[in-house]
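Reading through the structure tokens given below for one structure.
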Amino acid sequence: MAENYYGLTDTGRVRGNNEDTFVAQSTAGHRLILAGVIDGVGGYNGGEVAAAIAREEVIKELGNLQDDIIVGMINAIRQASKKIYQRRQQEKELDSMACVTTLAVADVENNQFYYAHVGDTRLYLLRDGSLVKISKDHSFVGFLEDSGRLSESAAMSHPKRNEINKALGFDTLIETDDEYIETGKSPFLPGDVLLLCSDGLTDMVDKNTMTDILTQNGSLEDKAQKLIAAANNNGGHDNITVVLVQNSKVAQRAEATMPATAIKKKDTLVDSTSMAKPVEVNKHETTQPVNAPAKKGNGVLVLLSILCLAFLASTVWFYLKAQEPSQAAQPVVPVATAPEKNADEIRLQNAIDKATGKELVLADTAFKQPIIITDSLKINKDTLYIIGNITIKCDSSYKGPALVIAANCKSTGLEGLKFEGFTTAVQSANTFVSLKNVQFVNCTNGIQKAYPFIINKLITVDLPVMHYRADTLATSTAKPNGTK
């Protein structure tokens, strides 16, 4: 294979067959590099079949890539998922097959790479001796690890580490849900290396060991073989697949140059960059003319004239002012201003506003202290699930709700949050709200829902009765009488 990309797969020490496969080739007239790792799911035959179907569709769709790269990868993954799903319906023995995949397209010429990802295969970027995980694992254990709730070593040994919640061929949701496929792009600088791999590597080899191998001298082939050997030496419990892509261009280093400045020395200007011959300064051009002092008698006369005019002007001004009717002084009424929002409050609102997916994980390290609320936090997302072990506390002068969920929101979820001291913790406009491990401390209302009705119209409706119990974990909260 070419020197700047290489792929390798191995059955491992335990499995009898290999359900993994990969893609490593040039595309778009050799301008781009197409790399991919595919891990089959579904038994002895099913996994291999699903992976083979996916590889065929990826090469067919991206083998001569011309249009938008990310759109092309999305189409390839969707087409592969559709073919796998159709094959499952046709053959009963394959009705549980599926696969996961990570694809990358490297544009070495323009120092850029693009990726698309579904499942728990992974994409890493090695830069300046540091290995960074780019993709997110679409699994419960992967979510815990990516959010910092589970260490790498704990995730590697977790009994549910292989349970995934997204795959190609599972269902048709991949064709309609724009967030089902994770995509992105990033700079791919000279010297950078992309690592695409199956979980057969990451379940057996930690990131530090992978970094040590990738930063050693040697070809991509040598490094791929060492990564697979490390996984096998640690047990080789699964199939192992590795694809490496390198930006082999030499990094451009700019030469430091002295800035062009003029150095003055004894009335001589010297150009520090060209070191040209000294340029003599024309002293006659730079010398400013000196004005002769005015005669003393003339100066005194001018000063007396100015003083007389000033005295006359002030006399006239005071006379006119005395003729105006006196007006009573108007009292100054202080204007009440809302308390200024604190930094944590602003940061939390910004995190909610800028959330791009359906989940927002609030790191414990970012909000170590209770967040004091002086104005309601607004949620205006179609679907948003907020997760975080944080406390939201009411400012002593604030009387409004902590969270206000807009009427256009379809679904909002809260997990692990603690509300303290609010008259109403959450105000919702009749939208679906789910709670998990949420605590209300000294809150009069947990959730207050508003039901807008048409004025002057007869209405017949059954409203749900919701129950609230203070200072407990809740799944649905409101006042006992089901108030709005």
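The numbers here are math on the coordinates, done by the rules we state, and not lab data. Computed from a prediction, not measured in an experiment: that's the story for all the values here. A quick note on method: Cβ atoms are made from the backbone with ideal geometry, for glycine too, and the neighbour counts reach across all protein chains shown.
Return the aspartates and glutamates within reach of LYS410: Cα separation strictly under 19 angstrom, same-chain partners fewer than 8 residues apart disregarded; answer none if there are no such residues.
List returned: ASP177, ASP178, GLU179, ASP353, GLU359, ASP382.
Fewest first, what order do LEU201, LEU194, LEU131, LEU173 take by the number of other Cβ atoms within 10 Å? Please report the intermediate quantities before stating the final value.
Working: LEU201 26, LEU194 23, LEU131 18, LEU173 10.
Going from least to most buried by this count: LEU173, LEU131, LEU194, LEU201.
Relative contact order for region 27-78: what is it in percent, counting Cα pairs under 8 Å that are at least 6 residues apart? Please report the intermediate quantities before stating the final value.
Details: 41 pairs, mean separation 18.1, N = 52.
Answer for region 27-78 is 35 percent.
Over the Cα atoms of region 5-246, how large are the radius of gyration and the largest Cα-Cα distance (Dmax), in Å?
So, for region 5-246, Rg and Dmax equal 16.7, 50 Å respectively.
Can you bin every Cα-Cα distance in region 363-430 into 5 Å intervals starting at zero and give me the percent of pairs per bin, rounded to whole numbers?
Taking all Cα pairs of region 363-430, the binned fractions are 4, 17, 25, 25, 20, 8, 1 percent.
Arrange the following residues from fewest to most other Cβ atoms within 10 Å of their Cβ: GLU182, GLU19.
Fewest to most other Cβ atoms nearby, the residues stand as GLU182, GLU19.
What is the calculated FRET efficiency for ALA450 to ASP395, with r their C-beta to C-beta distance and R₀ = 25 Å, to the nearest 0.05?
Calculated value: 0.60.
Which residues does a label at THR176 reach in region 348-374, if reach means a backbone N under 19 Å from a point 7 Å past the Cα toward the Cβ?
Residues 358 fall inside that zone.
Putting +1 on Lys and Arg Cβ atoms and -1 on Asp and Glu Cβ atoms, find which of ALA231, GLY63, MET156 reaches farthest to the positive end of the dipole of region 5-246.
Result: ALA231, furthest along the dipole toward the positive end.
Separation of region 52-113 and region 136-170 by C-alpha centroid, Å?
Computed from Cα coordinates, the inter-centre distance equals 22 Å.
If you rank GLU420, GLU3 by fewest surrounding Cβ atoms within 10 Å, what's the result?
GLU3, GLU420
Size of the dipole of region 353-408 about the Cα centre, Lys and Arg at +1 and Asp and Glu at -1 on the beta carbon, nothing else charged, in debye to 20? Before the final figure, lay out the partial values.
Working: 7 positive and 6 negative charges, 8 e Å.
It comes to approximately 40 debye.
What is the magnitude of the charge dipole of region 5-246 about its Cα centre, with +1 placed on the Cβ of each Lys and Arg, -1 on the Cβ of each Asp and Glu, and no other charges, expressed in debye to the nearest 20?
Dipole size: approximately 180 debye.
Express the relative contact order of region 5-246 as a whole percentage, based on alpha carbon pairs under 8 Å and six or more residues apart in sequence.
Relative contact order, region 5-246: 27 percent.
List, in the order given, every pair from LYS133/LYS223; LYS60/LYS136; LYS341/LYS381; LYS223/LYS354 whose Cα-Cα distance in the structure shown is over 29 Å.
LYS223/LYS354
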